[in-house]
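The values are calculated or read from the model by the stated rules, or taken from the named source; none is laboratory data. Keep in mind it's a predicted model, so treat the numbers as computed, not measured. Quick reminder, even Gly has a Cβ in these numbers, built from the backbone with ideal geometry, and neighbours come from all protein chains shown.
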Amino acid sequence: MGYDTWEGYCIEKRNIAKSYAYYLVACYEISTIVESKGLPIPQTENHARDYLAERYPEQLEVDITGERPRLKPREGYDEGTLPDFMRDRHD
């Protein structure tokens with residue numbers, strides 16, 4: 001590929017930050033999960049966030065305390081104890 005790191009590729013090839021590249025990957029993963037369930041693909045970040053909060057109410061919640069709403073693990077959960085979202089797309 002010609003790039004030493006993922007970050008280098010993101011910045012040099014796409015002119016985006018590594019964190020934004022991971023965000024785009026996550027958005028794609030969410031859309032494939034939702035589509036595999038026969039639901040319409042989310043048109044906005046809000047739709048995707050709300051879908052996941054409703055799909056996993058015991059593990060995820062929408063935090064509205066900051067400037068923008070964000071999805072976060074509920075108390076007692078962290079990224080290591082959340083559901084396997086990619087596996088769930090086949091359920």
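Counting only residues that are acidic (D, E) and assigned to a helix (DSSP H, G or I), how many does region 1-22 have? Walk me through it before giving the result.
First, the residues of region 1-22 that are acidic (D, E): 4, 7, 12.
Pick out the ones that are also assigned to a helix (DSSP H, G or I) and you get 7, 12.
Number satisfying all stated conditions: 2.
Residues that are of a type in the set (F, W, Y) and modelled with pLDDT under 80: does region 63-84 have at least one? Lay out the reasoning, then the answer.
At the first step, the residues of region 63-84 found to be of a type in the set (F, W, Y) are 77.
Going one step further and asking which of them are modelled with pLDDT under 80, we end up with 77.
Yes, there is a match, as at least one residue in region 63-84 is of a type in the set (F, W, Y) and modelled with pLDDT under 80.
Cβ-Cβ below 6 Å, separation at least six or inter-chain, first residue in region 20-40 and touching a residue at least 60 places away in the same chain (Cβ under 8 Å) and at positive phi, second exposed (fewer than 12 other Cβ atoms within 10 Å of the Cβ) and of a type outside the set (G, A, S): which pairs?
Within 6 Å, no pair qualifies.
Taking E54, is it in a loop (DSSP other than H, G, I, E, B), at pLDDT 80 or above and either in contact with a Pro (Cβ under 8 Å, 6 or more places away or on another chain) or not aliphatic (A, V, I, L, M) (or both)?
Values: in a loop (DSSP other than H, G, I, E, B): no; at pLDDT 80 or above: yes; either in contact with a Pro (Cβ under 8 Å, 6 or more places away or on another chain) or not aliphatic (A, V, I, L, M) (or both): yes.
In short, no.
Could you tell me whether region 23-37 includes any residue that is in a loop (DSSP other than H, G, I, E, B) and within 15 Å of the chain's Cα centre (by Cα)?
Filtering region 23-37 for residues in a loop (DSSP other than H, G, I, E, B) gives 37.
Retained after the next criterion (residues that are within 15 Å of the chain's Cα centre (by Cα)): none.
The answer is no, given that none of the residues of region 23-37 is in a loop (DSSP other than H, G, I, E, B) and within 15 Å of the chain's Cα centre (by Cα).
Might you check whether a residue that is surrounded by 13 or more Cβ atoms within 10 Å (Cβ to Cβ), at pLDDT 75 or above and under 12 Å from the mean Cα position of the chain (by Cα) occurs anywhere in region 1-19?
no
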